[in-house]
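The structure under discussion appears below in the form of structure tokens.
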4 protein chains.
Amino acid sequence: MRTTERAPLRYPTAGRSDRMRALAYYGSGRIRWEERPFPAVAAPTDAVVRITATTLCGTDLHILRGDVPGVEPGRVLGHEGVGVVVQTGQAVRGLKTGDSVLISCISACALCSNCRRGMPSHCESGGGWILGHRIDGTQAEYVRIPYADTSLHRIPLGAPDGDLALLSDIFPTAFECGVTCGQVKPGDVVAIVGAGPIGLACVLTAQLFSPAKLIVVDTDAHRLSASLALGADAAYLASAGDAASRIMSSTRGRGVDVAIEAVGSPETFRLCQDILAPGGALANVGVHAKPVELRLERLWSRNVRITTRWVDTTSIPMLLDAATTGRLVVGRLITHRFRLDQILDAYETFEAAAARKAIKVLLHAGERPR
Amino acid sequence: MRTTERAPLRYPTAGRSDRMRALAYYGSGRIRWEERPFPAVAAPTDAVVRITATTLCGTDLHILRGDVPGVEPGRVLGHEGVGVVVQTGQAVRGLKTGDSVLISCISACALCSNCRRGMPSHCESGGGWILGHRIDGTQAEYVRIPYADTSLHRIPLGAPDGDLALLSDIFPTAFECGVTCGQVKPGDVVAIVGAGPIGLACVLTAQLFSPAKLIVVDTDAHRLSASLALGADAAYLASAGDAASRIMSSTRGRGVDVAIEAVGSPETFRLCQDILAPGGALANVGVHAKPVELRLERLWSRNVRITTRWVDTTSIPMLLDAATTGRLVVGRLITHRFRLDQILDAYETFEAAAARKAIKVLLHAGERPR
Amino acid sequence: MRTTERAPLRYPTAGRSDRMRALAYYGSGRIRWEERPFPAVAAPTDAVVRITATTLCGTDLHILRGDVPGVEPGRVLGHEGVGVVVQTGQAVRGLKTGDSVLISCISACALCSNCRRGMPSHCESGGGWILGHRIDGTQAEYVRIPYADTSLHRIPLGAPDGDLALLSDIFPTAFECGVTCGQVKPGDVVAIVGAGPIGLACVLTAQLFSPAKLIVVDTDAHRLSASLALGADAAYLASAGDAASRIMSSTRGRGVDVAIEAVGSPETFRLCQDILAPGGALANVGVHAKPVELRLERLWSRNVRITTRWVDTTSIPMLLDAATTGRLVVGRLITHRFRLDQILDAYETFEAAAARKAIKVLLHAGERPR
Amino acid sequence: MRTTERAPLRYPTAGRSDRMRALAYYGSGRIRWEERPFPAVAAPTDAVVRITATTLCGTDLHILRGDVPGVEPGRVLGHEGVGVVVQTGQAVRGLKTGDSVLISCISACALCSNCRRGMPSHCESGGGWILGHRIDGTQAEYVRIPYADTSLHRIPLGAPDGDLALLSDIFPTAFECGVTCGQVKPGDVVAIVGAGPIGLACVLTAQLFSPAKLIVVDTDAHRLSASLALGADAAYLASAGDAASRIMSSTRGRGVDVAIEAVGSPETFRLCQDILAPGGALANVGVHAKPVELRLERLWSRNVRITTRWVDTTSIPMLLDAATTGRLVVGRLITHRFRLDQILDAYETFEAAAARKAIKVLLHAGERPR
């Protein structure tokens, strides 16, 4: 075990004294890039991280639209990022100042019964998704990370590659909630409904299990092209009823072994039900705002499995290894890069994702984007 | 491999020449106990079985109410039973005249891809649930069984015990669709919603995995008493909202690890959703006639698994061993016994199950019920 | 999260000032019950526990015979026990002074990659089996527990029942290394070779999965009787070749689905190989001092699975719940009880286990044994 | 279900009347390419197949050396091949004359309890490995296949591609006994010990699960080159102790997650034990002629899993789909091609595999090899 001492505050922005800049939310539609006090260790298990790269998530847009009630005005947004540890609490054992780290979007106390069974998304001691939600997040020059030992992942060598910020949330979400819950395996026919960033990360990570056929459905032709470029075998435009009938006929009426719902609407959940073969799995990844109709009068006898999951990020070590060794090129989803202080432009681009052909937008701190 | 020859027709009811008696359906509300020609082997893989015991299923009542459209007038009902083989087709390899057998409610061709992956409920060659549905069934003195080699199970010793007829459908359904799909394990808190015959068979078979607590919910006080007698730890009357709140408070707000839906209504499916702990499983066993509301706006983030299954009866060999060695006393669910020729009385009793305190009703052929 | 402050030293044996009594090892065959300084928190993640009950393990006898080289003279022995927390380090979050706790025989740092994948037996940060091995153990009035948050288990209500000390090692070892690794399931024929304390704990915990038949083999007729009393279906004396042939003939030449090796000798490992059915599992629990012969010239084609495991104690929460609710009566293995200060007598009894008909020997601190 | 009639004997070699040519074994070291009577359907479940391609297996060389006692003089060798159905027995339901088929090296009765649980390698009704062993095999112009319905696999379109003969045994053996039993998964470090045909098929099929690193060990530099060309990440020459130390240092002392033994000698089995990380799996694929030493004095505490398996060929449908859609190019292992009547030359080449740089040798019937 590494001995831990109180790290000196090596804040490299000394010119600006004890203030940093951060993106704060002030109610529906209002965000500001503003000065804030530096965060500091508040509990012995905390660490403070200097952000070197962060990114925007669909969830941030939901917050911006006022759809996530728990987010209070003044909250610094963001739950993804990589950076360098600048301060550690007295109880932090596995990290020290200067370590390059990947930030998990899920904070894990590691002691409660849910954390112990690998489900920190439902941490019973104040963890789970709190960054940029219940506490200030990563769209800032510095961020305080609770339960640092089990919520940060050391990046093996040298300075962190900014692209790894996609491993904070989007890749483990696609892999855990979509591919793993769907139990994709060699020989399977897999449909991914929704080709947004998460759906496209499903396209990439599903290939780790060599399915026989990977079908993608979306309403946006550009995203369908992107999915084919990332390895999908077929891509169908979702128009009324059409995608379902094309999938059914391309599987000779049998349907798919795994349907991954990566949108979060009653219509796409309905499509997933309609194309499921007997014995198939429907892995829900999308965030739903309202109930959906489950067609049990048809499905009760079809031996299907439906899963939901909030990402636990337990797959980050494997994905981090795959990404740092080049087996998984996460940066293929990044279409736009900005400096961190251009974050308002980045939000504008991300909100107009279809028009701008944006998938993931990366923000690099300190210097010009590479 | 056993050589198979055409068995002589050892029909013991020679006095009545070539006619037997059977229970036939003639449209909504109309059944008759009538004379029918003896069934005979029609395909090389068929066998004919003399029924020694059969039983009535909730599905038979559904048919009687006209709710199962595929059942044509004149159809002999019944998909459960034990008996003795009296004739085998030329391609039957593993059975011979005189063998005591348990009839599976599912006929399995054994060659199609669904049969090969252990899912004969969705047999692609005309198997699945056909007895008493697409072809004449077991509520008769004799029945023809297609794909006999893989749709009958030899009973080890002597004459078949009539109680084993409960292994044709109800016990494998409870075990496979409820207990196995729900992945009940030591330490789990399990709720079984619905204490009809299937729910009570879930109570018995869930105990094979030693859950920490077994809770049963029903609207009928008698059935709740029965569930306690069969090993449940708690039994709650289902009145508006009450069962959910009692279950939640008895689990200190956490909910149950496994909820087994054994009714088939939107309300009970709703209850199962409401009491599910994060990380829990909802195993649907009930037959549903209409869609249900799935509260994805709450469940999308709760890491739950929902399963549906039509019984495949792959568990029959294990259950048969447990029943014949006395580890599982299936007869505990039998409340009423009749002679086969009293079957109209048996239907009357089973239709008035609540008033008569009936759970399973067994019919014994040939002699007086033991 | 519970805030933690430095607990006052509520050592209740103040009359004896700052000294406690403990059982220390001084080389092969030599142990003493002697005065030692009180242990104190040394690292922020430590806790000190006042022992209320402890027990002796076969491993302690191995140490006493000089067979465990890492144990240095002066070491306080013991890795099992229950007690009350009297002091906690600053980084301890989930425990406080006064908590009743069960001590895991495995210390878990919770951060290393092995701990994170549920394998703290191979903790890479100085955990694993260290109590009574690399650091002073539990056969003492007080013990220091490293990584207390993840190496102690709170006992729900009131003062700890001393019998729960059997959950520190022997029950999780039997359950995890034997029953879980062997994947015992309903319908299986299971042979447990060796009816010492661990083998008998296998007899009890295998029943959680309702196997069809539980066969026990041992050289001691008394232990075979005990195994039958605890639920085994058959018990065979191990004489040359005899047990194997009886098991093979009782399974009609097929062999067993699961063989649990609970001795640790080449002969018993050989027996387990000989009785394994095609497709079976051999779960090794015994501690082996030398290589064994693996008959691959026969087994290579028999589709078998052989497992080894050092207990991880991840099953303690489930077993603790089963024990405190009375579903698992762990005390059934306790044949002898002593006061802690009679520990030398207890060792004498345990070393002569066969003659004394001893299985587990419990030591109660403070008062007379109940 | 397809109706089956007795197919006319469409033997296309009419000029030679009722005789075919076949490779027969006459004791150690003696094989002949000789005239034999045509095989014909003997049981109702048989089919006769005209061979279009077959191949030689290491097992055939074992037989030739007299190492497989059950093979009687006069036996036609061979258990791999593709061809066309020319005759079917009356009980054959799923195949008809003219169907292109892949022959499984395992014959499956489909009714016995081992076949029903997916383990036809241990068929209890005369199936298992019988072709070219207990009955005449596939190194002939025609072969009789027992239990044809469940021992042949229809090839979807047109005439069979001869390369698919590698799916009769070698690919399912590598995939089932090596990759599946080893539970290879994304992130794993996998060592394959032995780069013969089976080891190289492990290299190809392990990649279906995207391991982090694939290491191959062999004594032959050419085969190591081949393994790198097929996708291995590292290849080490097996000299005394060296491979083990290189693997341990390349994994920073941790060892591998999965070791696949694809040789069948005590030395290579020893190497696999030595390089296994705690928690790892050793999947034995090699055929062993004598016992091996299992170092339980070290492994008992290392949480390892050792598996053996005779191939069941249950993975053939998935592999056949992968091969016919081009995802798995099985022909990459074929180094030499001959006409079937050149089979004695083919044996000579295969016996001198190292010198001739031979991996798999394919035999094409009827025409010149493509």
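Considering every Cα-Cα pair within chain C, what fraction, in whole percent, is farther apart than 37 Å?
Across chain C, Cα pairs with separations above 37 Å total 20 percent.
In a shell of Cβ-Cβ distance under 13 Å around C:Leu271, excluding C:Leu271 itself, what net charge do Lys and Arg (+1) and Asp and Glu (-1) give?
-3
In Å and whole numbers, how far do the C-alpha atoms of the protein assembly as shown stretch along each principal axis, longest first?
Largest first, the protein assembly as shown extends 97, 71, 69 Å along its Cα principal axes.
What total accessible surface area, summed over both chains, is buried at the interface between chains C and B, computed with a 1.4 Å probe and given in Å² to the nearest 100?
Summed over both sides, the interface buries about 1000 Å².
For D:Glu297, place a label point 7 Å out from Cα along the Cα→Cβ vector, do the same in each other copy, and report the separations in nm, one decimal, smallest first.
2.4, 6.8, 7.2
Of C:Ser225, C:Met248, C:Ser301, which is farthest along the charge dipole of the stretch C:172-308 in the positive direction, counting Lys and Arg as +1 and Asp and Glu as -1 at C-beta?
Among C:Ser225, C:Met248, C:Ser301, the one farthest towards the positive end of the dipole of the stretch C:172-308 is C:Ser301.
Run a plain Debye calculation on the stretch A:45-121 (Cα atoms as equal point scatterers, no solvent) and give log10 I(q)/I(0) at q = 0.16, 0.19, 0.22, 0.26 Å⁻¹, rounded to two decimals, same order as the q list.
-0.79, -1.01, -1.13, -1.17
With +1 on the Cβ of every Lys and Arg and -1 on the Cβ of every Asp and Glu, and nothing else charged, how large is the dipole of the protein assembly as shown about its Cα centre, in debye rounded to the nearest 20?
0 debye
If we restrict to alpha carbons, what Rg and Dmax does the stretch D:123-271 come to, in Å?
Spelled out, the Cα radius of gyration and Dmax of the stretch D:123-271 are 17.9, 54 Å.
Would you mind getting me the FRET efficiency between D:Glu293 and D:Gln183? Use the beta-carbon distance for r and R0 = 30 Å, nearest 0.05.
Given R0 = 30 Å and the Cβ-Cβ separation, E is 0.75.
Pick from C:Asp188, C:Asp67, C:Asp169: which is most flexible by mean-square fluctuation in a GNM of chain C where alpha carbon atoms under 10 Å apart are linked?
C:Asp67
Comparing the chain by itself with all protein chains present, which residues of the stretch C:259-282 are at least 30 Å² less accessible (probe 1.4 Å)?
C:Pro278
Taking a point 7 angstrom from the Cα of A:Arg134 along the C-beta vector, which residues in the stretch B:266-304 have backbone N less than 20 Å away?
From the stretch B:266-304, the list is B:277-280, B:298-304.
Give me D for the stretch B:233-308 in µm² s⁻¹, whole number, from Stokes-Einstein with Rh from the Kirkwood sum over alpha-carbon pairs, 25 °C and 0.890 mPa s.
The diffusion coefficient I find is 194 µm²/s.
Check which residues have an amide H placed less than 5 Å from A:Cys112's amide H, if you skip close sequence neighbours.
For A:Cys112, the qualifying residues are A:Glu124.
For Cα pairs less than 8 Å apart in space and 6+ apart in sequence, what is the mean separation divided by the residue count of the stretch A:194-352, i.e. the relative contact order in percent?
Taking the mean separation of contacting Cα pairs over the length of the stretch A:194-352, I get 15 percent.
Could you pull the copy-to-copy label distances for C:Glu267, with points set 7 Å along Cα to Cβ, in nm to one decimal and sorted shortest first?
Copy-to-copy label distances at C:Glu267, shortest first: 3.5, 6.8, 7.6 nm.
Ignoring ligands, DNA and RNA, what percent of the 1.4 Å accessible area of the stretch C:97-154 is carbon and sulfur?
Carbon and sulfur: 44 percent of the exposed surface of the stretch C:97-154.
List, by residue number, every residue in the stretch B:93-113 with a reduction of 50 Å² or greater in accessible area between the chain on its own and the complete protein assembly, 1.4 Å probe.
B:Arg93, B:Leu111
Using the crude model of +1 on Lys and Arg Cβ and -1 on Asp and Glu Cβ, and no other charge, please compute the dipole size for chain A relative to its Cα centre, in debye to 20.
Taking the Cα centre of chain A as origin, the dipole is about 360 debye.
Over all directions, what mean area does the Cα convex hull of the stretch B:268-370 project, stated in square nanometres?
10.0 nm²
Write down the accessible area per residue of the stretch D:102-147 in Å², having rolled a 1.4 Å probe over the full set of protein chains.
It amounts to 26 Å² per residue over the stretch D:102-147.
What is the distance in Å between the Cα centres of the stretch B:167-193 and the stretch B:242-262?
About 17 Å separates the Cα centre of the stretch B:167-193 from the one of the stretch B:242-262.
Of all the accessible heavy-atom surface of the stretch D:172-308, with the other protein chains kept in place and a 1.4 Å probe, what percent is carbon and sulfur?
So the carbon and sulfur contribution to the accessible surface is 53 percent.
Within 12 Å, Cβ to Cβ, of D:Met248, how many net charges do the neighbouring residues add up to if Lys/Arg are +1 and Asp/Glu are -1?
So the environment of D:Met248 carries a net charge of +1.
Give me the one-decimal nm value for the distance between modelled label points at C:Ala43 and C:Gln342, 7 Å along each residue's Cα-to-Cβ direction.
Result: 3.8 nm between the two label points.
With respect to the symmetry axis carrying chain C onto chain B, which residue of chain C exhibits the smallest Cβ distance to that axis, and what is the value in whole Å?
C:Phe209, 3
What number comes out for accessible area per residue over the stretch A:172-308 if the probe is 1.4 Å? Units Å², please.
That works out to 30 Å² for each residue.
log10 I(q)/I(0), Debye, Cα-only the stretch D:196-260, no solvent, q = 0.13, 0.23 Å⁻¹?
Calculated log10 I(q)/I(0) at the listed q: -0.32, -1.02.
Taking just the alpha-carbon atoms of the stretch D:290-343, what radius of gyration and Dmax come out, in angstrom?
So, for the stretch D:290-343, Rg and Dmax equal 19.5, 55 Å respectively.
Just for the Cα atoms in the stretch A:107-149, what are the lengths along the principal axes, largest first, rounded to whole Å?
33, 19, 13 Å, listed from the longest principal axis down.
Given the -39500 (n - 2.57) contribution per DSSP H run of 4+ residues, what per-residue ellipticity at 222 nm results for chain D, rounded to the nearest 500 deg cm²/dmol?
My calculation for chain D gives -5500 deg cm²/dmol from helical runs alone.
Of C:Ile275, C:Ala174, C:Ala238, which is farthest towards the positive pole of the stretch C:172-308's charge dipole, taken about the Cα centre with +1 and -1 on the beta-carbons of Lys, Arg and Asp, Glu respectively?
C:Ile275
Suppose every Lys and Arg Cβ carries +1 and every Asp and Glu Cβ carries -1, with no other charges. What dipole size does the stretch D:172-308 come out with about its Cα centre, to the nearest 20 debye?
300 debye
Count charges around B:Thr313 for me, please; just the other residues with Cβ under 15 Å from its Cβ, Lys/Arg as +1, Asp/Glu as -1.
Local charge sum for B:Thr313: -1.
Please build a GNM for chain D, connecting alpha carbons under 10 Å apart, and tell me which residue among D:Gln139, D:Gln273, D:Gln342 fluctuates the most.
D:Gln342
The values are calculated or read from the model by the stated rules, or taken from the named source; none is laboratory data. Since we're looking at a predicted model, the values are computed, not measured. In this analysis, Cβ positions are derived from the backbone assuming ideal geometry, glycine residues included, and neighbour counts consider all displayed protein chains. Side chains are part of the model used for accessible areas, which takes the heavy atoms of the whole protein and leaves out ligands, DNA and RNA. Shrake-Rupley method; radii C 1.70, N 1.55, O 1.52, S 1.80 Å.
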